[in-house]
Every structure is written in structure tokens, then in C-alpha cells.
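The values are calculated or read from the model by the stated rules, or taken from the named source; none is laboratory data. No experiment lies behind these values; they were computed from the predicted model shown. Neighbour counts are summed over all protein chains in view; Cβ atoms, including those assigned to glycine, are modelled from backbone coordinates with ideal geometry. Surface accessibility is based on the protein's heavy atoms, side chains included, excluding ligands, DNA and RNA. Shrake-Rupley method; radii C 1.70, N 1.55, O 1.52, S 1.80 Å.
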Amino acid sequence: MVTAVSLFTGCGGSDFGLHQAGVEVKFANDVLPYARDVYLANLPETDYQVNDVADIESFPKADLLVGCYPCQGFSQGGARKADRKVNYLYRQFVRALKEIKPKAFVVENVSGMQRADFSHLLRAQITQFRFCGYRVSWEIMNSADYGTPQERKRILIVGLRSDIGCPFVFPEATHGPKKQSGYVTIREAIGDLPDWPEGEYWTEPFHWYYLSRNRRRDWGETSKTIVSHPRHMPLHPVSPSLTRIHTDKWVWSEDRPARRFSFREAARLQGFPKSMVFPETASLREKYRVVGNAVPPQLFESVSRKIVDIIN
Ligand SMILES: C[S@@+](CC[C@H](N)C(=O)[O-])C[C@H]1O[C@@H](n2cnc3c(N)ncnc32)[C@H](O)[C@@H]1O
């Protein structure tokens with residue numbers, strides 16, 4: 001069985017995908033205690049350490065190293081600043097790569113990393129990975145194309161150790177209008193859940209910034225991108241639609257209640273299983289945070305399967 005070390009693990013979107021691809025995650029790490037609580041409630045076999053990655057003295061050996069280091073510095077939702085300290089956590093990933101020397105690695109990050117103003121950071125990462133002895137390829141992928149009921153564009157970077165003969169080819173889209181299966185809709189993902197789940201959704205009023213763009217999709221569509229801050233969470237389709245009346249100004253089409261997706265719905269729209277357990281050890285804010293940070297499992301699974309085919 002292929003084994004993995006997972007860094008910046010969060011509540012385990014990436015690791016659910018690894019699991020589905022038949023990979024055993026030996027070790028995981030994050031600074032957020034609630035991320036660990038959720039992870040272990042669902043994937044109890046992994047040794048999950050809660051601490052700063054910089055404090056890990058040595059990493060266990062594994063075939064695959066996985067890391068989705070934080071991305072606030074590049075993201076649409078974050079303060080986009082190329083010099084932020086958080087943008088340099090990849091150096092910890094490189095430290096682990098040098099020590100473990102796995103057959104392959106996978107990194108996921110926001111697609112903003114390829115933008116012209118950040119491309120030097122992307123290049124710096126790729127250069128370091130190459131110095132470590134890996135052939136590196138990357139691609140922007142949309143999770144909806146791989147069966148997640150959500151549009152979420154992310155960069156996936158894959159490295160194969162240079163002694164591994166095969167080239168890596170990213171998986172083809174499996175879902176969409178011209179594919180075997182259509183896109184998965186909001187209805188398919190959350191249609192069985194209650195319309196107004198008391199205590200599970202964020203009730204802060206919708207301020208002008210929220211209403212500066214359309215935040216709603218209908219039941220028969222894929223969701224807009226799920227974010228980690230609940231204030232910016234997209235609208236549930238029970239909400240009235242929004243109409244654009246001016247640049248950056250949208251108004252409700254009807255006078256009736258509206259609400260954001262709950263954290264549980266957000267988890268489904270991220271592609272987590274219906275059986276996903278959320279322990280009651282944290283606030284609503286923390287639940288949204290770990291869910292919104294996650295990598296859609298189906299996306300990670302499709303990339304991991306391609307790697308497993310090569311290194312197994
Ligand atoms: C993009 S999220 C990863 C999501 C995760 N792979 C998943 O699929 O659920 C980045 C994670 O890095 C963690 N993180 C940030 N700084 C860290 C540090 N210094 N050491 C360890 N983890 C850190 C955050 O708490 C967050 O959970």
C-alpha cells in the first residue's frame with residue numbers, strides 16, 4: 001500500500017481523497033486543534049500532531065508527501081500581498097521533502113498563485129522542488145470537473161522523484177456537459193437537508209460588500225466557491241435571487257428571508273461524505289473555517305490515483 005505524510009492537513013479534505021485512492025496516511029499535522037478533532041472523528045487511523053510545522057523535528061518515511069500550505073497571500077478572499085510571511089511556509093514543505101525523499105509529492109494552492117504578481121513565488125517553489133531532485137508539473141483544475149458540486153479553481157503541483165521513469169499526466173475532467181456525467185448540482189449534494197437548520201448557519205446581516213456581487217446559485221447548478229470566512233459564504237437557494245442594479249450593487253428580488261449555506265452544507269459542497277462527523281468541541285466559526293479551508297476530496301483523489309498508478 002502507498003503511504004503518505006500529510007502537512008497543513010486541516011480537517012482532511014486532501015486526506016479523504018488520498019484514502020479514496022487507496023493511500024494510507026501515516027502522519028498528519030496542523031496548528032488548529034479543531035481540524036484534528038474533525039479529522040480523527042472521521043479518519044481515526046492517522047497519527048495527527050497539532051503544532052507548528054516548524055516545530056516538527058523529524059518526519060516519518062513515506063512514498064508520498066502532501067501539503068496544502070496556506071494561501072491567504074495569494075487568494076481572492078485574502079489581502080493579496082506577495083511579501084506576506086505566510087507565503088513562505090512552502091519552505092517547511094521543502095524541508096520535509098529533503099528529509100523524506102518520497103517517490104512523489106502533491107501540493108494544492110489557490111489558482112491566484114499563477115498570477116503575474118505572484119509568479120516569482122510559484123517559480124521559487126518549483127525551482128526548490130527541482131533542486132530537491134523532482135520533475136515538476138502543475139495545472140489549474142476546477143473541482144466541479146471532477147465531481148465536486150462546486151466551482152473551485154486550484155493549482156495542483158505534482159513532483160515525481162527523478163529516478164521514477166514515467167511522466168506525470170494530469171487526469172482528464174470526468175464531469176461536465178460533454179463528459180460521461182454532468183456537473184453535480186446543489187440539489188444532489190444538499191437537497192435532503194433541512195431548509196432552515198437552526199444554529200448551523202451564520203446569521204450576521206448582509207452588509208454592502210456582501211451585496212456587491214451575486215452570491216446565489218439555484219438548486220440545479222453547481223455552487224459558487226466555498227470560503228473559510230462565514231461572512232462571505234454563498235447563499236442557500238432558499239434565499240431570494242439577487243438582481244444587479246448598479247456596478248457592484250445587487251438587491252433582493254423579493255422581500256423574504258435569505259441565508260448563507262450552513263457549515264454542514266458547505267462540507268457537502270466541498271465534496272465531503274454525507275456521513276461526515278463534526279465534534280461539538282468548537283464554535284460555529286471554527287467549523288466553517290476548517291470546512292472552507294479544505295481541498296475537495298474528489299479533486300485530490302483523481303490526482304492521487306494517477307500518482308498511485310505510477311509509484312505503486
Ligand atoms: C489550505 S489549508 C489546508 C487544507 C487541508 N489540506 C484540507 O484539505 O482540509 C492550510 C492549513 O495550514 C494550516 N497551517 C497554517 N500555518 C501552519 C503552521 N505554521 N504549521 C502547521 N499548519 C499550519 C492551517 O491551520 C490550515 O488548516
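Per-atom-type breakdown for segment 93-175 gives carbon and sulfur 53% of the accessible area (1.4 Å probe, protein chains only). Accessible surface calculations at 1.4 Å, restricted to protein heavy atoms, place the chain at 46 Å² per residue. The order of the peptides 227-240, 194-207, 260-273 by mean Cβ neighbours within 10 Å, most packed first, is 260-273, 227-240, 194-207. Annotation: the antiparallel percentage among DSSP beta bridges lying fully within the chain is about 50.
Whole number please: convex hull volume per residue, Cα atoms of segment 99-139, in Å³. Could you put the intermediate results ahead of the total?
Values: hull volume 3.1 nm³, N = 41.
Once divided by residue count, the hull of segment 99-139 is 77 Å³.
Segment 279-312 and segment 210-244 have Cα centres separated by 22 Å.
Quick one: angle between helix 33-42 and the longest Cα principal axis of the chain, in degrees between 0 and 90, rounded to 10, please. It works out to around 90 degrees. Just to be sure I understand: of the beta bridges DSSP finds with both ends in segment 97-209, what percent are antiparallel, rounded to 5? Percentage antiparallel, nearest 5: 95.
Once you put a point 7 Å from the Cα of R244 and another 7 Å from the Cα of Y88, both along the Cβ direction, what distance in nm separates them? In this crude label model, R244 to Y88 measures out at 4.1 nm. Rounded to the nearest angstrom and listed largest first, the equivalent-ellipsoid semi-axes of segment 126-205 from its Cα gyration tensor are 37, 19, 9. Compared with the direct C-alpha span, the chain from E45 to R256 gains 71.3 nm at full extension, assuming 0.36 nm per residue. Whole-Hz Karplus values for segment 236-249 come out as 6, x, 5, 6, x, 6, 10, 10, 7, 10, 6, 4, 6, 9 Hz, taken residue by residue from phi with 6.51 cos²θ - 1.76 cosθ + 1.60 and θ = phi - 60°; glycine and proline positions read x. Panel values: segment 208-312, Kirkwood radius from alpha carbon pairs, Stokes-Einstein at 37 °C and 0.692 mPa s, translational diffusion coefficient 211 µm²/s. Gain on full extension, evaluated as 0.36 nm per residue between D192 and N312 minus their Cα-Cα distance, stands at 39.3 nm. Along segment 167-176 the Karplus relation, 6.51 cos²θ - 1.76 cosθ + 1.60 evaluated at θ = phi - 60°, assigns HN-Hα couplings of x, 9, 10, 5, x, 6, 4, 10, 10, x Hz to successive residues, with x for each Gly and Pro. In plain terms, if you count all Cα to Cα distances in the chain and split them into 20 Å steps from zero, the share in each step is 33, 58, 10, 0 percent. Once the Cα atoms are used to define both axes, helix 90-100 deviates from the longest principal axis of the chain by about 40 degrees.
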